[in-house]
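Asks: One structure coming up, written as structure tokens, with questions to follow.
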Amino acid sequence: MSLLRQPLLMLSRSGAIKNVVSTMPVSSGIVHSYVPGETTQAAVDATAGLVADGLTVTLDFLGEDTLDRARADATAAAYVELLEALAARDLAGSAEVSVKLSAVGQMLPGEGERVALEHARTICRAASNAGTTVTLDMEDHTTTDSTLGILRELRQDFPETGAVLQAYLHRTEADCRALAQEGSRVRLCKGAYNEPEEVAYQDKVDVDRSYVRCLKVLLGGPGYPMIATHDPRMIEIATSLVGSLGREQGTYEFQMLYGIRPEEQKRLAENGETVRVYVPYGQEWYGYLMRRLAERPQNLSFFLKSLVSKK
Ligand code: FDA
């Protein structure tokens, strides 16, 4: 793993640095390359553009780790507004939403899980009314059990609700086995947080090996795997597993982040694959941007130039 990954991930949770960086406008080069805009309108417009290119979308209203009840309520309301706007533009058949439970109250002292579940239910209901689905993003490992517990509750009423599992966690192969059931939607990613060695593989090669083991479990099972990676090797291995297991296109999908390897997104879609682009929008882009920089520290100089010029 890169030497810069850990410091950047620590910065992603630093309030002081956040205050300086967050004064950059969303239109500044580096932010805009990962986040198309701040408003519902901008998110819907970006979705329409991707769908016109043959892609599908999952939208994330940015925000996380809130300790403010009013903010959690506002986030849930923003998702409902977004889902109504997608339906009104006839985009809900191609676009779903991704929700971070910590943005809708999971960390609120005492009542966190109850509030997050309530808000997640409201969002699932709005998604179902619009004709689409919700996927629960996965955050750091201290939230994994709580998030999977809330997923189980939600799936009783909204069985199409998707989960995310992170290959860097030691536990994830077992979680894949538990979730690879008929009707389940599971996004497999490598994992984006700063995790200790007690719970997570630290070396890229070990994370990649775990990713492949998990892929075998998910693609070998009856659920709907969502293969979230930009890694050319992982995509090649997934494609070859799909072939050897005889899985048909449309019984799984590839997922990538907005602005990362867009040509590869189009290439896969042109080959008949379902490709879903994760589109984050809103003002709270700081933590998201820092995790993207940690994955690709080559972008750091681009980022620092944007910060100095505030453009
Ligand atoms: P890896 O980081 O090894 O990169 C492989 C290659 O991809 C690089 O060599 C480069 O070519 C390209 N690349 C990667 N990052 C880039 C960047 N920032 N800019 C330009 N090129 C880049 N994580 C999590 O913990 N919880 C979650 O819920 C999610 N959700 C999620 C949804 C979707 C749709 C995706 C694609 C990813 C996530 N992630 C996530 C993030 C994920 O865990 C992981 O951090 C990133 O996807 C980077 O890992 P890769 O698999 O791309 O491989």
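The values are calculated or read from the model by the stated rules, or taken from the named source; none is laboratory data. Keep in mind that what you see is a predicted model, and the values were worked out from it rather than measured. Methodologically, a virtual Cβ is constructed for each residue, glycine included, from the backbone with ideal geometry; neighbour enumeration extends over all protein chains shown. Protein only, heavy atoms only, side chains kept; ligands, DNA and RNA dropped before computing areas. Shrake-Rupley method; radii C 1.70, N 1.55, O 1.52, S 1.80 Å.
Asks: Of all residues in the range 105-156, how many are over 18 Å from Leu188 (Cα atoms), touching a strand residue (DSSP E or B) at 6+ places or on another chain (Cβ under 7 Å) and free of Cβ contacts under 8 Å to residues at least 24 places away in the same chain?
Replies: Result for the range 105-156: 0.
Asks: For the range 215-311, give me every one of the helices (runs of 4 or more DSSP H) that falls completely inside it and has 3 or more residues that are more than 13 Å from the ligand (Cβ to nearest atom) and closer than 24 Å to Gln181 by Cα.
Replies: Values: elements: 232-245, 262-270, 286-295, 300-309.
Ranges flagged: 232-245.
Asks: Could you run through the range 55-65 and say how many residues are modelled with pLDDT under 95 and open to solvent by less than 20 Å² (accessible area, probe 1.4 Å)? Please lay out each step first, then the result.
Replies: First, the residues of the range 55-65 that are modelled with pLDDT under 95: 63-65.
Within this subset, residues satisfying the condition of being open to solvent by less than 20 Å² (accessible area, probe 1.4 Å) are 63.
Number satisfying all stated conditions: 1.
Asks: Across the range 209-234, what is the total count of residues that are of a type outside the set (Gly, Ala, Ser) and crowded, with 19+ Cβ neighbours inside 10 Å?
Replies: Of the range 209-234, the ones of a type outside the set (Gly, Ala, Ser) are 209, 211-219, 222, 224-227, 229-234.
Keeping just the survivors that are crowded, with 19+ Cβ neighbours inside 10 Å gives 211, 214-215, 217-219, 224-227, 229, 234.
The qualifying residues number 12.
Asks: Thr239: under 22 Å from the mean Cα position of the chain (by Cα) and either modelled with pLDDT under 95 or surrounded by fewer than 16 Cβ atoms within 10 Å (Cβ to Cβ) (or both), yes or no? Please lay out each step first, then the result.
Replies: On the way: under 22 Å from the mean Cα position of the chain (by Cα): yes; either modelled with pLDDT under 95 or surrounded by fewer than 16 Cβ atoms within 10 Å (Cβ to Cβ) (or both): yes.
Against the criterion (under 22 Å from the mean Cα position of the chain (by Cα) and either modelled with pLDDT under 95 or surrounded by fewer than 16 Cβ atoms within 10 Å (Cβ to Cβ) (or both)), Thr239 qualifies.
Asks: With the requirement that a residue be under 24 Å from Glu139 (Cα atoms), open to solvent by less than 30 Å² (accessible area, probe 1.4 Å) and more than 16 Å from the ligand (Cβ to nearest atom), what does the range 76-101 give you?
Replies: Ala76, Ala78, Leu82, Leu83
Asks: Being surrounded by fewer than 21 Cβ atoms within 10 Å (Cβ to Cβ) and either basic (Lys, Arg) or under 30 Å from Val199 (Cα atoms) (or both) is the requirement here; does His119 meet it? If you could, list the steps in order and put the result at the bottom.
Replies: Working: surrounded by fewer than 21 Cβ atoms within 10 Å (Cβ to Cβ): no; either basic (Lys, Arg) or under 30 Å from Val199 (Cα atoms) (or both): yes.
No: the conditions fail for His119.
Asks: Quick one: which residue in Ala48, Ala52 is open to solvent by 50 Å² or more (accessible area, probe 1.4 Å), at pLDDT 95 or above and either within 19 Å of the chain's Cα centre (by Cα) or more than 18 Å from Gly287 (Cβ to Cβ) (or both)?
Replies: Values: Ala48 fails: open to solvent by 50 Å² or more (accessible area, probe 1.4 Å).
That would be Ala52, the only listed residue that is open to solvent by 50 Å² or more (accessible area, probe 1.4 Å), at pLDDT 95 or above and either within 19 Å of the chain's Cα centre (by Cα) or more than 18 Å from Gly287 (Cβ to Cβ) (or both).
Asks: Residues that are under 24 Å from Tyr288 (Cα atoms), in a helix (DSSP H, G or I) and of a type in the set (Ser, Thr, Tyr): does the range 148-170 have at least one? Can you show your working first?
Replies: At the first step, the residues of the range 148-170 found to be under 24 Å from Tyr288 (Cα atoms) are 148, 150-151, 161-170.
Of the ones still in play, those that are also in a helix (DSSP H, G or I) are 148, 150-151.
This time we only want the ones that are of a type in the set (Ser, Thr, Tyr), so: none.
Looking for residues that are under 24 Å from Tyr288 (Cα atoms), in a helix (DSSP H, G or I) and of a type in the set (Ser, Thr, Tyr), one finds none in the range 148-170, hence no.
Asks: When only residues in the range 102-115 that are open to solvent by less than 10 Å² (accessible area, probe 1.4 Å) and either among the polar types (S, T, N, Q) or not in a loop (DSSP other than H, G, I, E, B) (or both) count, which is farthest from Asp65 (Cα to Cα)?
Replies: Here the answer is Val115.
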